[in-house]
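The values are calculated or read from the model by the stated rules, or taken from the named source; none is laboratory data. Because the structure is predicted, anything quoted here is derived from the model rather than measured. All Cβ positions, even for glycine, are placed from backbone atoms using ideal geometry, and neighbour counts span all protein chains on display. To get the accessible areas, we keep the full protein, side chains included, count just its heavy atoms, and leave off ligands, DNA and RNA. Shrake-Rupley method; radii C 1.70, N 1.55, O 1.52, S 1.80 Å.
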Amino acid sequence: AAKKAGQNRYHYFTPAMQEQALTRSNTLRDLRYAIERHQFELYYQPIVDLKTGKIIKLEALIRWHHPVNGLTAPDQFIPLAEDTGMILRIGEWVFHTAAKQLQAWRKLGFSDLELSINVSPLQLRNDGIQADDWALQLEKMAIPKDAMVIEITENLLMDHNQRARSVLESLHQDRFKIAIDDFGTGYSSLAYLQDFSADFLKIDQTFIRNLTSTSNDTALCEAIIVMAHKLGIKVIAEGIETEEQQNILINAGCDYGQGWLFAKALPADELTKLLRQQVAVSCYGANI
Ligand code: C2E
Ligand code: MG
Ligand code: MG
Ligand code: MG
């Protein structure tokens with residue numbers, strides 16, 4: 001394409017671009033083997049009930065143990081996986097892995113736990129997800145479907161792609177729960193929110209970051225919470241880092257919270273420890 005555009009276009013391919021293209025193709029090459037080589041891991045971040053402080057849900061967040069670059073965050077490879085369609089296989093891996101882990105926790109007695117997974121729009125648009133297949137897999141593992149939460153970004157609600165909407169509706173009919181992620185950052189209309197009855201709405205961390213008693217973001221969060229509740233949707237605030245933010249959200253009637261104030265995303269084993277500690281504390285509390 002550069003050649004067709006004419007000789008003088010060559011210099012636009014700068015060393016920096018070359019390096020970027022190289023990195024991209026290297027990442028792509030490595031990504032192709034990441035599943036087989038067991039380089040992906042799901043970390044889990046607690047979501048707490050703001051009234052009791054108890055962990056009642058977890059969100060699965062993917063990590064890539066890259067052989068050279070080390071622990072790699074999803075922002076570094078999910079967009080590329082989406083561009084190349086590789087997200088479809090990764091998405092299936094995420095679902096299986098999360099379901100197996102949820103089954104393991106249920107066997108340990110944490111049977112009320114809900115687990116969220118992030119689903120890319122592409123998985124819904126193409127034939128990425130067969131809702132019936134996912135439902136069947138959970139049945140085989142004796143996991144109730146409403147213990148699994150599918151997180152989608154709000155733009156998907158506006159998706160005119162019929163396939164995407166129908167997969168989402170099948171999942172919902174199969175009793176999977178649906179959460180609208182990063183709420184407030186995309187384009188959605190309140191009409192769509194009403195039209196599609198989501199179970200949870202997650203206020204994006206950009207609105208939580210600047211929460212102080214006098215900030216406009218406080219009014220915005222309050223309004224989102226009131227609106228969601230009127231529609232029968234529970235609200236999760238993402239990215240809570242301070243007690244001040246937590247208190248403002250509690251006063252605003254927010255249901256659940258997620259953020260570094262409570263815990264970062266952690267490997268499954270560490271989450272098991274946290275869950276056990278929580279049981280120990282509540283048993284001790286009941287005894288006195
Ligand atoms: P998300 O679903 O909105 O996840 C929340 C992100 O916020 C996570 O970043 C989490 O580690 C981070 N976070 C949580 N609490 C705090 C806090 O108090 N402060 C700050 N600054 N950050 C906090 P992470 O794990 O890097 O994931 C980034 C995004 O990558 C996710 O955003 C999600 O959109 C995507 N992602 C993660 N795992 C998957 C996956 O399995 N599949 C797909 N398709 N996307 C995924
Ligand atoms: Mg999410
Ligand atoms: Mg989010
Ligand atoms: Mg996000």
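What FRET efficiency, computed as 1/(1 + (r/R0)^6) with R0 = 22 Å and r the Cβ-Cβ distance, is obtained for Thr23 and Arg89, rounded to the nearest 0.05?
0.55
List the relative contact order of the stretch 139-280 as a percent without decimals, with contacts defined as Cα pairs under 8 Å and 6+ residues apart.
18 percent
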Need the C-alpha centroid separation for the stretch 249-288 versus the stretch 105-181, integer Å. 24 Å
With springs connecting C-alpha atoms under 10 Å apart, model the chain as a Gaussian network and identify which of Thr14, Thr97, Thr153 has the largest mean-square fluctuation. Thr14
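All other residues with a Cβ under 14 Å from the Cβ of Ile47 taken together, and with Lys, Arg as +1 and Asp, Glu as -1, what is their net charge?
-2
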At Asp269 and Thr214, where each label point lies 7 Å from the Cα along Cα→Cβ, what is the point-to-point distance in nanometres? 4.9 nm
Computed accessible area, Ser213, all protein chains, 1.4 angstrom probe, square angstrom: 90 Å²
His66: net charge of surrounding residues, Cβ under 15 Å, Lys/Arg +1, Asp/Glu -1, itself excluded? +1
Looking at the chain as a GNM with Cα springs under 10 Å, which of Gly257, Gly70, Gly184 has the largest mean-square fluctuation? Gly70
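Evaluate Rg over Rh across the stretch 68-142, taking Cα atoms for both radii and Kirkwood's formula for Rh.
That ratio is 1.03, to two decimals.
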Show Lys107, Lys145, Lys100, Lys234 ordered by accessible area, largest first, where the area counts protein heavy atoms only and the probe is 1.4 Å. Lys107, Lys100, Lys234, Lys145
Identify which of Asp133, Asp255, Asp181 has the largest mean-square fluctuation in a Gaussian network model of the chain, with springs joining Cα atoms closer than 10 Å. Asp133
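Quick check: with the 1.4 Å probe, what order do Tyr284, Tyr33, Tyr44 take by accessible area, largest first?
Tyr284, Tyr33, Tyr44
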Please list, in order along the stretch 277-284, the HN-Hα scalar couplings obtained from phi with the Karplus expression 6.51 cos²θ - 1.76 cosθ + 1.60 (θ = phi - 60°), rounded to whole Hz, x for Gly and Pro. 4, 4, 5, 4, 5, 6, 5, 4
Can you tell me the accessible area per residue over the chain, all protein chains present, probe 1.4 angstrom, in square angstrom? 53 Å²
In the chain the accessible area split gives carbon plus sulfur, as whole percent at 1.4 Å, a share of 51 percent
Largest first, how would Met158, Met86 line up by accessible area (1.4 Å probe)? Met158, Met86
